[in-house]
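Coordinate-derived values only; no laboratory data. Treat the numbers as computed from the prediction; the structure is a model and nothing was measured. In this analysis, Cβ positions are derived from the backbone assuming ideal geometry, glycine residues included, and neighbour counts consider all displayed protein chains.
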Amino acid sequence: MNNKEIAKKILELVGGNENVQSVTHCATRLRIITNDKDKIDIKAVEDIDKVKGSFFNSGQYQVILGTGLVNKVYDEFVPLIDGSDKPSDQQPAEKQKMTFQRAIRIFGDVFVPIIPVLVATGLFMGLRGLFTQEAVLGVIGLTPADIPQQFLMFTQILTDTAFAFLPALVAWSTFRIFGGTPILGIVLGLMLVSSVLPNAYEVGQQAAEPMVFFGFIKVVGYQGSVLPAFVTGILGSKIEVFLRKRIPDSLDLILTPFLTLLTGLILALFIIGPIFHEVEIGVLHAVEFLLNLPLGIGGLIYGSFGQLLGIFGIHHILNFLEISMLGQDGWNYLNPIGTCGNIAQAGAVLAVAIKSVSPKMKQIAYPSALSAALGITEPAIFGVTLRLIKPYIMSMIGGGVGGFLASILQLKATGMALTGIPGTLLYLNEQLPFYILVNLVAFGVSFGLTWTFGYKKDQEL
């Protein structure tokens, strides 16, 4: 019997599709939760070719198949209980080809499980920015020097952990979506942010240098990166699936994880990483050029397209540009333009949340809009606007209009790392009314366009 025949026979003997609640697997056993265990023909299951035994444990019917084989039978079993047991040539044509919209949807699906963590992190960042600013502390007669170091370290754990290990979260979810083993995705993602590698933020600030391999390949960590970890997750999961089909079952437990992690890390560090590092350098020079364009053109362009940098995971390099600006004359000219893009995302997502009739959409969109308003746009982008496409375009337009006004008004921040509502603390001078104005414009344009043209109320994610 081949793997598909084994899966079909097991399903038949456990009572069929209607008797199966869910199925998972471990290293050696297929674990099935059934509605009625009396419908299972245990002896017949154990007589199936390649089945080594079965037993009940903790409400699960566990079929012993052995390492390697269990993965393959599980892959055949899941489509059967999902009701999608069709030969590939019978699948609809649109399911066979990878369209742009389907690719965006898959990209968004990877981030849905991560959204709650990013929303929470956005709230933590907003609160820390609020309660550690000198102007706020001055109301109660304190200064930043009065804040206990232990408290700052505690807040740093809350705000920095998710983004420091974001590649691990992305790789885990990508492995899960593309048929790999999620735990391998987690480990591969953690390797990308290993403390052995130069920290991406420090390299972006030129406080650290990339490692150089073979005399020309520059290697850095992936802290806060999205697309590099996503691409690595796809390649790693495909490598694992490829290996499982070819490595003998007796060696699968040893060789498949070893080769998957080794090959995935080599591709990430020596091919994907260097490519994105060079792209970062080009982005830095391009943004510097844009900011010097006259008549607000630079603000219009960066306000519109700067939101793409976070998607591609190449936004760290801009830290160096902001630090250089602050070091030269004490002002940050990039922050007011960039924050318009964040607020525009909040406007687009809020329009979706209010207009939608889908409870699921509202559940994701409302907290994502709040997070974007606090400066963390990943939940909004990956959970809503990028998946729906049109709201993302509307947010780019809103961000561009706001960025144009910010450039015309020559807005400048007194610091960095705060945007959106917490970013008002960087403009506590005569510029505050203008900062509020440009963000209200960005929000209003994005909200209005999304409500009018960018979203249909019955549209689903």
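Sorting 141-151, 254-264, 330-340, 415-425 by average packing, meaning the other beta carbons within 10 Å per residue, from highest down gives 330-340, 415-425, 254-264, 141-151.
With a ≥ b ≥ c taken as the square roots of the eigenvalues of the C-alpha gyration tensor of the stretch 1-40, please select rounded if a/c is under 1.5 and otherwise prolate if a/b is larger than b/c or oblate if it is not?
Note, shape of the stretch 1-40 comes out oblate.
Are any of the pairs LYS9/LYS37; LYS8/LYS52; LYS238/LYS390; LYS8/LYS50 more than 20 Å apart by Cα-Cα distance, and if so, which? From the list (LYS9/LYS37; LYS8/LYS52; LYS238/LYS390; LYS8/LYS50), the Cα-Cα distance tops 20 Å for LYS238/LYS390.
Taking amide H as placed 1.01 Å from N in the peptide plane, GLY375 has its amide H under 5 Å from the amide H of ILE421, each at least 5 places away in sequence or on another chain. Its Cα gyration tensor gives the stretch 133-174 an equivalent ellipsoid. The semi-axes, each the square root of 5 times an eigenvalue, are 33, 10, 5 Å from largest down.
If you wrap the tightest convex hull around every Cα atom of the stretch 260-399 and split its volume per residue, you get 132 Å³. Estimated purely from DSSP H runs of n ≥ 4, each contributing -39500 (n - 2.57), the mean residue ellipticity at 222 nm for the chain is -18500 deg cm²/dmol once divided by its residues. For q values of 0.06, 0.10, 0.12, 0.13 Å⁻¹, compute log₁₀ I(q)/I(0) with the Debye formula on a Cα-only model of the chain, without solvent. Those come out to -0.33, -0.83, -1.08, -1.20, one per q. In the chain, a dipole from Cβ-located charges (positive for Lys and Arg, negative for Asp and Glu) runs towards its positive end, and of VAL384, ALA344, VAL196 it is VAL384 whose Cα lies farthest in that direction.
Roughly how large, in nm² to one decimal, is the mean projection of the convex hull of the alpha-carbon atoms in the stretch 6-68?
Values: hull surface 15.1 nm².
Computed as one quarter of the Cα hull surface, the answer is 3.8 nm².
What FRET efficiency do you get for LEU437 and GLN410 if R0 is 22 Å and r is their Cβ-Cβ distance, rounded to the nearest 0.05?
About 0.95, to the nearest 0.05.
The spacing between the stretch 326-345 and the stretch 1-68, judged by their C-alpha centroids, is 58 Å.
If you line up the long axis of helix 335-355 against the longest principal axis of the chain, both from Cα atoms, how many degrees apart are they, to the nearest 10? So the helix axis and the longest Cα principal axis differ by about 50 degrees.
Computed over the Cα atoms of the stretch 236-312, the ratio of the radius of gyration to the Kirkwood radius (Rg/Rh) comes to 1.33. Axis angle, to the nearest 10 degrees, between helix 115-131 and the longest C-alpha principal axis of the chain: 30 degrees.
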